[in-house]
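The values are calculated or read from the model by the stated rules, or taken from the named source; none is laboratory data. Computed from a predicted model, the values in this text were never measured in an experiment. Cβ: placed from backbone, ideal geometry, glycine included. Neighbour counts: every protein chain shown. Protein only, heavy atoms only, side chains kept; ligands, DNA and RNA dropped before computing areas. Shrake-Rupley method; radii C 1.70, N 1.55, O 1.52, S 1.80 Å.
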Amino acid sequence: MSARHRHQRGPEADVQWGREDSFADLQYIRRRYVHKEHLRAAISRVCNAIFQARDATLWGEATTACASDSKKFGAWDQNLMTEWHARYGGPGVMVYWHVEQHSVCIYSQLKSCSSSEVAAMIEGVLRHDTEMAVDKNYVDTHGQSEVGFAFCQLLGFQLLPRLKNIKHQKLYRPNKGEPEKYVHLQAILTRPIQWELIEQQYDEMIKLATALRLGRRTPRASCGALPARTCSTRRTGRWLSWGKR
């Protein structure tokens, strides 16, 4: 079964290659044993075995950093997840990977073209289920946001983006005024951090981060819900203030 998935062959091709199993047998095996949870567990065991088998003199000490990014794959219009990709063009879906420093993919997931890469990044770090302890995650411009920085800080790992528009980025001031303390940074400084808002909403932020860590709430629902609520300005503002720290 693993060879068939690796070579992207269907069960009909295996039958034509002279295997003793019939097409119906292979369909039964797939329905009975090949499930998302089983594949996740198998991938986790393979990754852990690779980590344990590595010789530290050749591979170095165990890494705690990974990089994540997505790739577009074409898909039929009838697929419920298929969307038109505005940047790459054409209908398709996205596969988002988390790869550790020595090229082992610890997590992969299917996402639609318009869904948040920030949410996919957080999900991979929290749900990879391998022995690797991730404390740094490298992303491109689409994998970061101010809200993403806030979530990552509360979840205990660093978000390290490669910003395409870095010359347009602004930094929040820790306090009002005090221009003499940051003489060479005045051109990129903007308004002060809203510490009072963070203090008022801190308990709610911790509850949401804890729900994410325990799997009670998905990153996609959390990141997508922030600007869509009635109290969107205040709710989103607390995360933006924390993310700008």
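Pairs please, first residue from the range 128-139 and farther than 14 Å from Ser108 by Cα and at pLDDT below 95, second anywhere and open to solvent by less than 70 Å² (accessible area, probe 1.4 Å) and polar (S, T, N, Q), Cβ atoms under 6 Å, 6+ apart in sequence or on different chains.
Hits for this filter: Glu131/Asn48; Ala133/Thr64; Asp135/Thr64.
For the range 36-53, give me each residue that is out of contact with any Asp or Glu (no Cβ under 7 Å at 6 or more places or on another chain) and among the hydrophobic types (A, V, I, L, M, F, W, C). Break it down into steps so the answer makes sense when it comes.
Quick first cut of the range 36-53, residues out of contact with any Asp or Glu (no Cβ under 7 Å at 6 or more places or on another chain) only: 36-39, 41-43, 45-47, 49-50, 52-53.
Leu39, Ala41, Ala42, Ile43, Val46, Cys47, Ala49, Ile50, Ala53 - these are the residues of the range 36-53 that are out of contact with any Asp or Glu (no Cβ under 7 Å at 6 or more places or on another chain) and among the hydrophobic types (A, V, I, L, M, F, W, C).
Just a yes or no: is a residue in the range 205-228 among the polar types (S, T, N, Q), surrounded by fewer than 16 Cβ atoms within 10 Å (Cβ to Cβ) and at pLDDT 85 or above? Give the steps one after another, and end with the answer.
Initial filter on the range 205-228 (among the polar types (S, T, N, Q)): 210, 218, 222.
Going one step further and asking which of them are surrounded by fewer than 16 Cβ atoms within 10 Å (Cβ to Cβ), we end up with 210.
Add one more test, that the residue is at pLDDT 85 or above, and what stays is 210.
Among the residues of the range 205-228, at least one is among the polar types (S, T, N, Q), surrounded by fewer than 16 Cβ atoms within 10 Å (Cβ to Cβ) and at pLDDT 85 or above, which makes the answer yes.
Out of curiosity, is Ile106 open to solvent by 20 Å² or more (accessible area, probe 1.4 Å), among the β-branched types (Val, Ile, Thr) and either at pLDDT 85 or above or under 13 Å from the mean Cα position of the chain (by Cα) (or both)? Even if it seems obvious, please write down each step before you answer.
Working: open to solvent by 20 Å² or more (accessible area, probe 1.4 Å): no; among the β-branched types (Val, Ile, Thr): yes; either at pLDDT 85 or above or under 13 Å from the mean Cα position of the chain (by Cα) (or both): yes.
Considered against the rule, which asks whether it is open to solvent by 20 Å² or more (accessible area, probe 1.4 Å), among the β-branched types (Val, Ile, Thr) and either at pLDDT 85 or above or under 13 Å from the mean Cα position of the chain (by Cα) (or both), Ile106 comes out as no.
Quick grid of which residues meet (1) hydrophobic (A, V, I, L, M, F, W, C); (2) within 24 Å of Ser112 (Cα to Cα); (3) in a loop (DSSP other than H, G, I, E, B):
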position	(1), (2), (3)
Val147	yes, yes, no
Cys152	yes, yes, no
Leu159	yes, yes, no
Lys164	no, yes, yes
Lys167	no, no, no
Lys176	no, no, yes
Glu196	no, no, no
Arg213	no, yes, no
Ser222	no, yes, no
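Looking at the range 67-87 only, could you name the residues that are assigned to a loop (DSSP other than H, G, I, E, B) and farther than 29 Å from Phe157 by Cβ?
In the first step, residues of the range 67-87 are kept if they are assigned to a loop (DSSP other than H, G, I, E, B); the result is 75-82, 85-87.
Correct list: Ala75, Trp76, Asp77, Gln78, Asn79, Leu80, Thr82, Ala86.
Just the residues that are in contact with a strand residue (DSSP E or B) (Cβ under 8 Å, 6 or more places away or on another chain), surrounded by 14 or more Cβ atoms within 10 Å (Cβ to Cβ), small (Gly, Ala, Ser) and more than 14 Å from Ser108 (Cβ to Cβ), please, taken from the range 41-74.
Across the range 41-74, the qualifying residue is only Ala65.
I'd like to check something: does the range 165-184 contain any residue that is open to solvent by 50 Å² or more (accessible area, probe 1.4 Å) and touching a residue at least 24 places away in the same chain (Cβ under 8 Å)?
yes
Taking Tyr138 as meeting all but one of (1) open to solvent by less than 50 Å² (accessible area, probe 1.4 Å); (2) in a strand (DSSP E or B), write down the number of the exception.
Condition not satisfied by Tyr138: (1).
Among the residues of the range 211-219, is there at least one that is among the charged types (D, E, K, R), in contact with a Lys or Arg (Cβ under 8 Å, 6 or more places away or on another chain) and either touching a residue at least 40 places away in the same chain (Cβ under 8 Å) or closer than 30 Å to Ala49 by Cβ (or both)?
No: the range 211-219 contains no residue that is among the charged types (D, E, K, R), in contact with a Lys or Arg (Cβ under 8 Å, 6 or more places away or on another chain) and either touching a residue at least 40 places away in the same chain (Cβ under 8 Å) or closer than 30 Å to Ala49 by Cβ (or both).
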